[in-house]
């Protein structure tokens with residue numbers, strides 16, 4: 001089976017995976033995926049996983065009138 005090459009994430013911002021965000025907010029991972037699919041939250045694909053920048057998460061939280069992380 002071919003392996004997926006590991007692509008390094010750019011430095012300079014805190015990156016989080018879908019599962020990490022879901023746990024942080026007490027949500028189901030599917031909610032985070034839905035936010036990404038609908039354009040509410042920008043996700044960056046790396047291999048088979050999506051990663052999220054803390055700054056993008058904070059933009060969403062500000063739009064939802066919630067405290068940022």
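Go through segment 15-31 and give me each residue that's out of contact with any strand residue (DSSP E or B) (no Cβ under 8 Å at 6 or more places or on another chain) and not in a loop (DSSP other than H, G, I, E, B).
Result: 19, 20, 22, 23, 25, 29, 30, 31.
Just to be sure before I move on: is residue 40 assigned to a helix (DSSP H, G or I), surrounded by fewer than 16 Cβ atoms within 10 Å (Cβ to Cβ) and without any contact (Cβ under 8 Å) to a residue 60 or more places away in the chain in the structure I sent?
The answer is no for residue 40.
Go through segment 55-69 residue by residue and tally those that are surrounded by 12 or more Cβ atoms within 10 Å (Cβ to Cβ) and not in a loop (DSSP other than H, G, I, E, B).
Adding up the residues that qualify gives 7.
Under 11 Å from the mean Cα position of the chain (by Cα) and either modelled with pLDDT of 90 or more or loosely packed, with under 11 Cβ neighbours inside 10 Å (or both): is that true of residue 30 in this structure?
no
The values are calculated or read from the model by the stated rules, or taken from the named source; none is laboratory data. What you are looking at is a predicted structure, and each value in this text was computed from that prediction instead of being measured. Reconstructed Cβ throughout: ideal geometry from the backbone, glycine too, with neighbour counts over all protein chains shown.
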